[in-house]
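The values are calculated or read from the model by the stated rules, or taken from the named source; none is laboratory data. Treat the numbers as computed from the prediction; the structure is a model and nothing was measured. Here Cβ is always computed from backbone atoms with ideal geometry, including for glycine, and neighbour counts include all displayed protein chains. Accessible surface is based on the protein model in full, side chains and every heavy atom, while ligands, DNA and RNA are left aside. Shrake-Rupley method; radii C 1.70, N 1.55, O 1.52, S 1.80 Å.
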Amino acid sequence: MPNDLGWLDQVMPEIQQDLDNFRAEVAVQVPASPTPAPPNPVPPLNPVQPLNPVQPQNRASVADASERLVKARLGVFAGLFYALRAKHPPTAAHSLRVALGCSKWAIASGIDGEDRDIFEIGALLHDVGKIGIPDSVLQKPANLDGQEQLMMEMSGGMGEEMLRGAGASDLLIRVVQQARFPFDSCEDQHPLARMMAIVDAFDSMTTEQVFRRALSRDRAIEELCSHAGEQFDPELVQEFVELLIVPRPELEAEMIQRWLAELASDISPGFAEFSRPMSSGAVQSFVDTVYHRRLLECLADAAIYLDWDGQILVWNRAAERLSGRRADSLTHCRWSSDLLGLRTEKGQQLNEQTCPIAMAFEQRTQVTAHLESKRPDSQATKVNVTGIPVFSSQREITGLIVLVRDTTAQSHLEERVQTLNTIASQDTLTKVANRAALTERLPLFLQQHLETGRRGSVIMCDID
């Protein structure tokens, strides 16, 4: 099969122009022609030479220059974080919260310059090694066994390899590595690593996990204090607790300004800023994201999106209220009826014949069932659960939409109607049929009695 490299001829002028611009920025002088340089070339006046002169015949140096150009423009660290977010969104959300917490602490402590950059980037990427952990381990809704725990411990080493491959400095790798060590087991533990370990532990404890509930802020503070001197630096724990307790709105404002202004402006250096009207496709994408997300947030019904393998993609606010579970702790976890405490109307466990979700997947059609939703800390709620299959253009099932509607008010209305019917057909004092029911049933009673051949009488009187 011939190699079609026509596309390379088209993009090479653009790549060459980018390389030329990049050389000019770093003040590297490239000979105008491929003639060999003199034996003792005069070095450039600018001592900074991050990029060697690129000779056309040297393919290795061209590849190296291209790699540096990509890193300078896109930023490898951002790519690692996006990869983590694609792998396991809850871990990425946790990492971002830890980074913001470290940023606030750095401002309060006067940490600035390179140390603050190391602190924030290290916090943002401290769990990047979990990209290499199987989903079955990351999403397991129970305690890990010995082998799974070993795999999780290996994620730290994998993260260090990823950071090293991305060109991270030795200091950044050291801080991320030492943040996993207990305070009393590492004599030369970097102060930034000690601080990061505290913020990481606090966010983990106050965030709901698949296998446990979130702790309150006060309970998490108690845990930090009880492990001060062993797991954590006691002086830093006290400093962190004071930062939590004492309101410091000016720190929040400065942190937000830094992340939204300073950091955001450097995410994609080299790209020109421009605006253009949105095409119809862009408008549709805008509707599908912004409008759709807003609709999900405002729905009174719980809406849950599952992929073809039963993993949770969306868990809206109504689902959070119904289940008492946060969306960020359930995204990419495998669906289970226990997450909503679903039972039959008689309180029995669901099976493949009674679970509308399993039936919708199997039958490839919409299925609705009347069930109960029971939280451990509340009474059972009457719900209607509907499973709606989602198909691709080839009619292959790609997932399921689960809608859960609270029908408690409707159930109460039905019970009241039944009560009114009983009142209308039964005397409230004697609990016997009232006159309307007697008029209806008396002829039948008389006919049945006459057929027995026995004598009898009917005495009718008022209650008084």
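Which value, in Å² rounded to 10, gives the accessible area of ASP338 with a 1.4 Å probe and all protein chains present?
We get 80 Å² for ASP338.
Accessible area, 1.4 Å probe, largest first: how do SER136, SER216 sort? Present the calculation step by step, with values, prior to reporting the outcome.
Numbers: SER136 85, SER216 65 Å².
Descending order: SER136, SER216.
Probe 1.4 Å, all protein chains in place: accessible area of ARG180 in Å², nearest 10?
Result for ARG180: roughly 110 Å² accessible.
With all protein chains present, calculate the accessible area of GLU345 using a 1.4 Å probe and round the result to the nearest 10 Å².
Its accessible surface works out to 100 Å², give or take rounding.
Take the Cα coordinates of the stretch 82-125, assign each an equal point scatterer, and use the Debye formula without solvent to give log10 I(q)/I(0) at q = 0.14, 0.21, 0.31, 0.32 Å⁻¹.
Listed by q, the Debye log ratios stand at -0.33, -0.62, -0.99, -1.02.
If each residue of separation counts as 0.36 nm, what is the full-extension length gain between PHE445 and SER226 once their alpha-carbon separation is subtracted? Don't skip to the end; give the middle numbers.
Numbers: separation 219, 0.36 × 219 = 78.84 nm, distance 7.93 nm.
Between PHE445 and SER226, full extension yields 70.9 nm more.
If I model a spin label at THR365 and VAL390 as a point 7 Å from the Cα along the Cα→Cβ vector, what separation in nanometres do I get?
2.3 nm
Can you sort CYS298, CYS355 by 1.4 Å-probe accessible area, starting with the largest?
On the way: CYS298 80, CYS355 15 Å².
Output order, biggest surface exposure first: CYS298, CYS355.
Keeping every protein chain in place, order LEU322, LEU144, LEU340 by accessible area at 1.4 Å, biggest value first, i.e. largest first. Before the final figure, lay out each step's value.
Values: LEU322 30, LEU144 55, LEU340 5 Å².
The ranking, largest first, comes out as LEU144, LEU322, LEU340.
How much length is gained on full extension from ARG294 to SER185, taking 0.36 nm per residue of separation minus their Cα-Cα distance? It would help to have the intermediate numbers written out before the result.
On the way: separation 109, 0.36 × 109 = 39.24 nm, distance 4.83 nm.
Once the chain is fully extended between ARG294 and SER185, it gains 34.4 nm.
Skipping prolines and chain starts, which residues have an amide H placed within reach, meaning under 5 Å, of the one on THR398, given they are 5 or more residues away or on another chain?
The list, which skips near neighbours in sequence, is VAL390, PHE391, SER392.
Taking only the Cα atoms of the stretch 306-393, how large is their convex hull per residue, in Å³? Walk me through the intermediate numbers first.
Details: hull volume 8.7 nm³, N = 88.
Per-residue hull volume (Cα only) is 99 Å³.
With charges set only on the Cβ (+1 for Lys and Arg, -1 for Asp and Glu), what does the dipole of the stretch 106-197 come to about its Cα centre, in debye to the nearest 20? Could the numbers behind the result be given before it?
Values: 7 positive and 16 negative charges, 37 e Å.
Result for the stretch 106-197 is approximately 180 debye, rounded to the nearest 20.
How high is the FRET efficiency between ASN351 and ALA78 when r is their beta carbon distance and R₀ equals 45 Å, given to the nearest 0.05? Before the final figure, lay out each step's value.
Values: r = 46 Å, r/R0 = 1.03.
That gives a FRET efficiency of 0.45.
For LEU342, what residues show an amide H to amide H distance below 5 Å, using hydrogens built from the backbone and excluding near sequence neighbours?
LYS374
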